[in-house]
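In what follows, a single structure is set out as structure tokens and then discussed.
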Amino acid sequence: SLSSSDHPSPGTWYPSGDVFFSWTFPVADSNVKGVFYVLDHFGTNVPTSTDTFIPLPQKNLLRMGLAAGVWVMHVVAQDQRGYLTKVAGNLRVNVGADPGVGVLNGQVVDGGGKPVASASVTVNRGLYTTTTNAMGSYNFPNQIPAGMWEIRATSADGLLTDTKSDTVTKGGSTTVNLTLK
């Protein structure tokens with residue numbers, strides 16, 4: 001599990017760009033070599049053995065001078081045989097002044113222009129997630145922080161996608177329509 005003593009709440013904005021991360025394991029430390037980590041702006045990344053490694057006994061990390069925005073720390077453990085956990089531990093931290101929130105909505109259609117129901121719509125690869133209704137519409141009501149975001153729609157079977165980037169403004173409403181191909 002991941003935590004931060006100076007940025008403890010994922011929903012709160014903290015002025016400091018210096019973030020102290022700590023982690024624990026569900027097994028004895030003797031079963032673990034260390035962790036691989038990625039620190040980025042996406043919700044569901046899973047580190048691989050090509051990412052930054054931190055060996056035990058270290059179980060914390062101070063990242064200084066992070067720019068304002070939403071950051072996510074992703075960690076996977078490596079066991080004594082070299083295998084990585086399949087699921088990452090993720091911790092979101094908000095750095096800087098609260099930028100305010102806006103609405104993000106739109107419609108997902110197929111290549112023929114027909115609405116696509118039950119498509120998954122994500123902001124920054126899982127940071128925020130919703131599903132389209134029967135008319136292919138989606139809505140993130142007043143929950144997306146102001147800023148530039150990656151919006152991706154994926155069909156229910158996972159075979160078709162579309163990705164766009166757009167800016168959400170404080171107190172505004174941004175419409176991003178996507179076409180699955």
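Quickly run through segment 102-112 and pick out the residues that are within 21 Å of T44 (Cβ to Cβ) and either surrounded by fewer than 19 Cβ atoms within 10 Å (Cβ to Cβ) or touching a Gly at 6+ places or on another chain (Cβ under 7 Å) (or both).
Selection gives V108 alone.
Show the residue pairs that are 6+ apart or on different chains and have beta-carbon atoms under 9 Å apart, the first residue being within segment 78-101 and without any contact (Cβ under 8 Å) to a residue 60 or more places away in the chain, the second being surrounded by fewer than 18 Cβ atoms within 10 Å (Cβ to Cβ) and of a type in the set (G, A, S).
Q78/G34; Q78/S49; Q80/S30; G82/S49; L84/S49
Every residue in segment 90-112 that is over 23 Å from S173 (Cβ atoms) and in a strand (DSSP E or B), please.
N90, L91, R92, V93, V95
State all residues of segment 1-42 that are part of a loop (DSSP other than H, G, I, E, B) and surrounded by 12 or more Cβ atoms within 10 Å (Cβ to Cβ); if no residue qualifies, say none.
D6, H7, P10, S16, G17, D18, F25, H41, F42
Which one of these does V46 not meet: (1) crowded, with 16+ Cβ neighbours inside 10 Å; (2) of a type in the set (A, V, I, L, M, F, W, C); (3) not in a loop (DSSP other than H, G, I, E, B)?
Failing condition for V46: (3).
Let me confirm something: among V72, V87, which residue is open to solvent by less than 30 Å² (accessible area, probe 1.4 Å) and either modelled with pLDDT of 95 or more or not in a strand (DSSP E or B) (or both)?
Values: V87 fails: open to solvent by less than 30 Å² (accessible area, probe 1.4 Å).
From the options V72, V87, the qualifying one is V72.
The values are calculated or read from the model by the stated rules, or taken from the named source; none is laboratory data. If you're wondering where the values come from, they're calculated on a predicted model, not measured in any experiment. Reconstructed Cβ throughout: ideal geometry from the backbone, glycine too, with neighbour counts over all protein chains shown. Calculation scope for accessible area: heavy atoms of the full protein, side chains included, ligands and nucleic acids excluded. Shrake-Rupley method; radii C 1.70, N 1.55, O 1.52, S 1.80 Å.
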